[in-house]
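The structure under discussion appears below in the form of structure tokens.
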Amino acid sequence: MAEQSRGKIHILLLKTKSAPTDTYEELFTKLDNHRYEPVFVPVLEHRFKRDVLDVLRSQITKRGFVPAAEGGLALYGALIFTSQRAVEAFAEIVEDIRREGSQVIDDLLPESLPLYVVGPATARGLRSLNLSCPILGEHTGNGEALAGFMLKHYNSIYPGAGKSSILFLVGDKRRDIIPKTMQAVDLGAERVCKVDEVVIYETGEMHSFQDNFSAIWRKNSDAKCEHQWIVVFSPTGCRAMLESLNLLDAKTGQATTTSPRERIFIATIGPTTRDYLQDEFGFSPDVCADRPSPEGIADGIRASEKNTRNAGSSSSPTRSDDAVAGTKRKPEAEPSPKRSRKVTKKQTTLEESGITKDEDSEMKDAEASDHGSTDKVDSETTAEDAQAKNGRKLSESASEKDASNGATKADTTTDEVKEEETAKAEATSQAMKIGDNGDGAIEESSQRERDMPSNILEKGVIYFFTRNRVGLDDAESVGDLQRTFFVLRPLPTNTKLGDGAIPDLKNNRLFALPKKTFPKSHSDRFMAFVEKANTSIQQLKDEFFKGSEYETKTQGTRRIDPVTPVAEGVYAITRTEDRTTHLVYSTTIPSDLGEVQEDLGIKDQGSFIISVKNPERSGPSSASLPQKPDFSKEIIEEFRGLAWSEVKPKYLDHEYCQILLIGENLEKGVEPTTKDKKHDKETPQEELEKLEHEDELRVQHLNGDDSVFDDLKISKKDYPTVPTTW
């Protein structure tokens with residue numbers, strides 16, 4: 001066995017192995033005729049703070065959560081859980097009290113004590129304890145929504161000022177949206193709820209990491225293996241790794257060029273970790289993956305080894321010309337993506353695009369790599385990056401998940417992020433089942449969930465509308481329109497469309513398109529914005545769809561016409577491997593598109609690159625809105641100071657959110673990921689076609705092109721029919 005292992009190249013992956021399978025292990029165990037031997041060396045660990053656990057246990061056993069006699073208040077009136085680690089710590093205390101047997105746990109944690117949770121995972125963990133306490137909030141799905149729910153519920157059971165505080169069990173890396181929302185000054189003394197945050201666990205570098213790492217690479221060296229590769233996924237553990245390899249000068253803390261490398265070579269998942277090694281230690285790795293995935297690492301290692309063979313050297317894989325071991329890169333080296341590295345492509349002139357110089361200055365980040373490189377961490381950030389020198393918080397982006405798992409979804413992320421992803425889908429799916437009027441157009445499908453492409457961030461039904469200019473009864477061209485609109489109506493990704501009208505939920509988004517037409521080519525770049533978010537179709541019907549009248553001093557009564565539905569179809573928001581997000585759609589109504597749809601830029605199937613504007617970055621006054629979206633601090637941090645970002649669906653749930661649409665071919669927006677192709681998953685194109693076919697059948701079984709009126713719960717006689725000619 002030792003002889004067999006000796007001929008292999010060992011790959012030390014500085015990460016926790018994903019369960020139930022890990023894509024890095026799957027790739028490297030089979031790559032190049034089983035030439036590589038992957039080994040996982042975990043870097044991070046979660047540690048309970050024992051002193052805090054003892055204090056919490058004491059508070060419970062001393063009846064700090066039990067209201068005093070005759071209407072008195074408890075020390076704490078509720079508990080908040082937003083992470084599985086906090087639940088595990090709490091469970092340890094509960095089970096310990098039960099084992100001791102001197103007190104009854106239901107007397108200490110009574111049914112009057114609400115346990116607030118952010119999603120189904122934390123709820124399941126608490127339910128497994130079989131407490132009498134009510135478990136509330138799992139439908140909310142995120143901290144902001146949970147805070148709003150708790151404000152309403154807690155004030156209903158404890159009205160007025162002077163209520164008991166709420167205990168929030170947290171980790172050292174956490175968001176502050178819940179305490180900020182519940183303790184906001186503008187709530188007033190009657191409604192404000194004091195929240196005490198208690199850090200019950202910490203996340204940090206595993207104490208045994210350096211010893212474990214040293215033992216593994218030294219054992220491989222003693223066995224005379226050909227050479228070893230170390231793959232680094234985040235700045236966490238970098239110092240311990242370099243110290244273990246004897247690559248740091250003890251006095252300066254910088255990389256030394258004199259220490260032997262023991263036939264060991266280092267690769268990073270992307271430029272952020274590479275830059276950290278260079279900037280912090282003056283050390284340049286042998287390989288920096290061009291994309292944060294198992295394939296990106298494999299390609300980098302193989303290219304390096306191929307260069308070695310071509311150079312006729314057997315000592316080590318060659319480093320690129322601009323990287324020297326133990327030194328920083330040359331000044332003329334290619335700049336990192338932190339300085340807006342762009343993918344080479346044909347550039348469109350300002351005259352071709354119709355954008356002024358001021359607008360182009362604002363939009364340059366959105367165009368980079370078709371805006372894909374706007375995230376300066378280049379999709380390599382994992383949960384371990386929380387320990388990086390700059391101390392930035394964890395984000396939820398799909399790009400961050402790619403690095404540690406080689407896929408759109410990852411296991412190495414915060415518990416809160418996992419909760420938000422799962423909870424939103426489960427809550428929406430549950431709400432669909434009990435939608436208004438018991439409509440059955442939405443059907444859950446376990447097969448659909450298994451086949452769903454990993455790079456579809458959202459799917460649903462899309463509607464296109466126009467509204468005539470005031471005073472015009474009939475529009476004869478685009479110039480007669482006041483504005484064009486579209487509505488995104490998200491569906492759970494694990495569902496398919498059946499018969500009937502779609503249940504009405506408050507998850508719709510109304511977008512306004514000031515340009516009136518959609519981009520028709522890559523040179524078209526049009527701004528749009530979210531006019532209404534988290535709204536129901538009924539609310540849109542009451543507040544937006546219908547016409548209205550108003551009085552003027554000079555022209556008397558003026559009438560605003562009702563909207564005209566011009567198309568309906570299905571859509572998906574996708575994210576391709578170049579870190580670009582796309583809005584792709586396929587129309588179902590009208591059955592035959594006409595000159596109206598053509599003039600508006602609506603096609604049978606279409607796609608736009610879609611980016612979100614950072615409201616903290618100024619732009620030309622002509623493209624500014626009177627109000628900014630109420631993005632949370634965490635969302636603002638995810639822009640990394642850049643003017644534009646790839647889209648995450650949660651960004652679109654904020655009114656005044658500005659987006660940029662850039663025309664493109666459909667093929668670009670429906671590209672499958674490398675991992676999905678490897679695992680024979682559906683492609684985004686196939687899912688879109690399935691959804692389109694289901695919507696066509698649904699429309700046929702309703703009222704054909706008039707089905708849009710059924711979906712929107714509006715009367716055909718009150719609105720113009722779906723036009724195809726002016």
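Kindly establish whether V170 is surrounded by 17 or more Cβ atoms within 10 Å (Cβ to Cβ), outside any strand (DSSP E or B) and aliphatic (A, V, I, L, M).
Details: surrounded by 17 or more Cβ atoms within 10 Å (Cβ to Cβ): yes; outside any strand (DSSP E or B): no; aliphatic (A, V, I, L, M): yes.
Against the criterion (surrounded by 17 or more Cβ atoms within 10 Å (Cβ to Cβ), outside any strand (DSSP E or B) and aliphatic (A, V, I, L, M)), V170 does not qualify.
Which residue, of T484, T535, is β-branched (V, I, T), in contact (Cβ under 8 Å) with a residue 60 or more places away in the chain and either buried (at least 18 other Cβ atoms within 10 Å of the Cβ) or touching an Asp or Glu at 6+ places or on another chain (Cβ under 8 Å) (or both)? Quick ask: steps written out before the conclusion?
Working: T535 fails: in contact (Cβ under 8 Å) with a residue 60 or more places away in the chain.
Residue meeting the stated conditions: T484.
Does R448 qualify as being charged (D, E, K, R) and open to solvent by 10 Å² or more (accessible area, probe 1.4 Å)?
Details: charged (D, E, K, R): yes; open to solvent by 10 Å² or more (accessible area, probe 1.4 Å): yes.
Yes.
Does F48 satisfy being open to solvent by less than 50 Å² (accessible area, probe 1.4 Å), more than 26 Å from the chain's Cα centre (by Cα) and either within 14 Å of F233 (Cβ to Cβ) or not polar (S, T, N, Q) (or both)? So that I can check it myself, show each step before the final result.
Numbers: open to solvent by less than 50 Å² (accessible area, probe 1.4 Å): no; more than 26 Å from the chain's Cα centre (by Cα): yes; either within 14 Å of F233 (Cβ to Cβ) or not polar (S, T, N, Q) (or both): yes.
So F48 fails the test.
Listed residues L146, L151, L131, L79; which is under 28 Å from the mean Cα position of the chain (by Cα), of a type in the set (A, V, I, L, M) and open to solvent by 10 Å² or more (accessible area, probe 1.4 Å)?
Numbers: L146 fails: open to solvent by 10 Å² or more (accessible area, probe 1.4 Å); L131 fails: under 28 Å from the mean Cα position of the chain (by Cα); L79 fails: open to solvent by 10 Å² or more (accessible area, probe 1.4 Å).
Result of the check over L146, L151, L131, L79: L151.
Could you tell me which numbered condition V66 fails, if it satisfies all but one of (1) open to solvent by 50 Å² or more (accessible area, probe 1.4 Å); (2) in a loop (DSSP other than H, G, I, E, B); (3) of a type in the set (V, I, T); (4) at pLDDT 90 or above?
Failed condition: (1).
Filter region 228-277 down to the residues that are among the polar types (S, T, N, Q), at pLDDT below 85 and open to solvent by less than 20 Å² (accessible area, probe 1.4 Å) and list them by number. Please lay out each step first, then the result.
Residues of region 228-277 that are among the polar types (S, T, N, Q), as a first pass: 228, 234, 236, 244, 246, 252, 254, 256-259, 268, 272-273.
Applying the additional criterion that residues be at pLDDT below 85 yields 234, 236, 256-259, 272-273.
Scanning region 228-277 gives S234, T236, T272, T273.
Could you tell me how many of the residues in region 569-585 are of a type in the set (V, I, T), in a strand (DSSP E or B) and either in contact with a Pro (Cβ under 9 Å, 6 or more places away or on another chain) or over 13 Å from Q605 (Cα atoms) (or both)? Outline the logic, then answer.
The initial filter retains those residues of region 569-585 that are of a type in the set (V, I, T), namely 570, 573-574, 576, 580-581, 584.
Now narrow it down to the ones that are in a strand (DSSP E or B): 570, 573-574, 581, 584.
Keeping just the survivors that are either in contact with a Pro (Cβ under 9 Å, 6 or more places away or on another chain) or over 13 Å from Q605 (Cα atoms) (or both) gives 573-574, 581, 584.
Residues flagged as of a type in the set (V, I, T), in a strand (DSSP E or B) and either in contact with a Pro (Cβ under 9 Å, 6 or more places away or on another chain) or over 13 Å from Q605 (Cα atoms) (or both) within region 569-585 amount to 4.
Any chance you could count how many residues in region 129-160 are at positive phi and in contact (Cβ under 8 Å) with a residue 40 or more places away in the chain? Working first, answer last.
Filtering region 129-160 down to residues at positive phi leaves 130, 137, 141, 160.
Within this subset, residues satisfying the condition of being in contact (Cβ under 8 Å) with a residue 40 or more places away in the chain are 141.
Count: 1.
Scan V117, V94, V87 and give me the residue that is touching a Ser or Thr at 6+ places or on another chain (Cβ under 7 Å), closer than 22 Å to Y201 by Cα and either without any contact (Cβ under 8 Å) to a residue 12 or more places away in the chain or not charged (D, E, K, R) (or both). Let's see the steps before the verdict.
Working: V117 fails: touching a Ser or Thr at 6+ places or on another chain (Cβ under 7 Å); V94 fails: touching a Ser or Thr at 6+ places or on another chain (Cβ under 7 Å).
Sole residue among the options that is touching a Ser or Thr at 6+ places or on another chain (Cβ under 7 Å), closer than 22 Å to Y201 by Cα and either without any contact (Cβ under 8 Å) to a residue 12 or more places away in the chain or not charged (D, E, K, R) (or both): V87.
Restricting the first residue to region 685-697 and requiring it to be part of a helix (DSSP H, G or I), which pairs with a second residue that is open to solvent by 70 Å² or more (accessible area, probe 1.4 Å) meet a Cβ separation below 6 Å and a spacing of at least six or different chains?
E694/K496
Has region 657-668 got at least one residue that is of a type in the set (A, V, I, L, M, F, W, C) and open to solvent by 20 Å² or more (accessible area, probe 1.4 Å)? Walk me through how you get there before you give the answer.
First, the residues of region 657-668 that are of a type in the set (A, V, I, L, M, F, W, C): 657, 659-662, 666.
From what is left, the residues that are open to solvent by 20 Å² or more (accessible area, probe 1.4 Å) are 666.
The answer is yes; a qualifying residue exists.
Can you name every residue in region 505-532 that is part of a loop (DSSP other than H, G, I, E, B) and open to solvent by 10 Å² or more (accessible area, probe 1.4 Å)? Even if it seems obvious, please write down each step before you answer.
Of region 505-532, the ones part of a loop (DSSP other than H, G, I, E, B) are 505-507, 514-524.
Hits for region 505-532 are L505, K506, N507, P514, K515, K516, T517, K520, S521, H522, S523, D524.
The values are calculated or read from the model by the stated rules, or taken from the named source; none is laboratory data. Computed from a predicted model, the values in this text were never measured in an experiment. Here the Cβ is made from the backbone with ideal geometry for all residues, glycine too, and neighbour counts use every protein chain on show. With ligands, DNA and RNA removed, areas are computed over all heavy atoms of the protein, side chains included. Shrake-Rupley method; radii C 1.70, N 1.55, O 1.52, S 1.80 Å.
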